[in-house]
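Trainee: Attaching a single structure in structure tokens format; questions to follow.
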């Protein structure tokens, strides 16, 4: 009985050490990946040809981590007449358009070896609720000043220079 208890304690001790090592390794990997942000001047995105004739709806907006490292989500209310925030890449891969939930916008796509950049962003100027106008202004700012775009199947992430992450889900073009 004493031998069985001793083996069991040794086994548990080794198992606990293994768990601790694996946990620390996993945490290091997650922390390292979470802080991988391209350099300030970089624009990283898939080729615009990958996004031709696609439509995306904003489904989540993560704010930058707070002082405790916690990521908070921004509320995304439905727009006027229940219009969501959407972006649409045209069939030629040269323009982006969409809705802020209140106003419509458009932009040209300028592509180089580092990816594409949105230029000449313009929007209509209909009056919206103050809350909606703030969200719209922040969204248009993110479009103008994003650092990278990452596509993962039907998910599109737009990462801002301030570490805000806008998550879009692909919708069928109608």
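The values are calculated or read from the model by the stated rules, or taken from the named source; none is laboratory data. For clarity, every value in this text was computed on a predicted model and none was experimentally measured. As a convention, Cβ positions derive from the backbone with ideal geometry for all residues, glycine included, and neighbour counts pool all protein chains shown.
Trainee: Please verify whether region 48-61 includes one or more residues that are modelled with pLDDT of 50 or more and in a loop (DSSP other than H, G, I, E, B).
Mentor: The answer is yes; a qualifying residue exists.
Trainee: Also: Does any residue of region 130-144 turn out to be surrounded by fewer than 14 Cβ atoms within 10 Å (Cβ to Cβ), free of Cβ contacts under 8 Å to residues at least 24 places away in the same chain and within 17 Å of residue 73 (Cα to Cα)?
Mentor: So far as region 130-144 goes, yes, one or more of its residues are surrounded by fewer than 14 Cβ atoms within 10 Å (Cβ to Cβ), free of Cβ contacts under 8 Å to residues at least 24 places away in the same chain and within 17 Å of residue 73 (Cα to Cα).
Trainee: Inside region 62-116, counting only strands (runs of 3 or more DSSP E) that do not spill past its ends, which hold 1 or more residues that are outside the structural domain of residue 163 (by TED's automatic domain parsing) and touching a strand residue (DSSP E or B) at 6+ places or on another chain (Cβ under 6 Å)?
Mentor: none
Trainee: When you check residue 119 against the structure, is it at pLDDT 90 or above, exposed (fewer than 12 other Cβ atoms within 10 Å of the Cβ) and not in a helix (DSSP H, G or I), yes or no?
Mentor: yes
Trainee: Among 42, 73, 113, which is the only one that is modelled with pLDDT of 90 or more and either surrounded by fewer than 14 Cβ atoms within 10 Å (Cβ to Cβ) or within 24 Å of residue 155 (Cβ to Cβ) (or both)?
Mentor: 73
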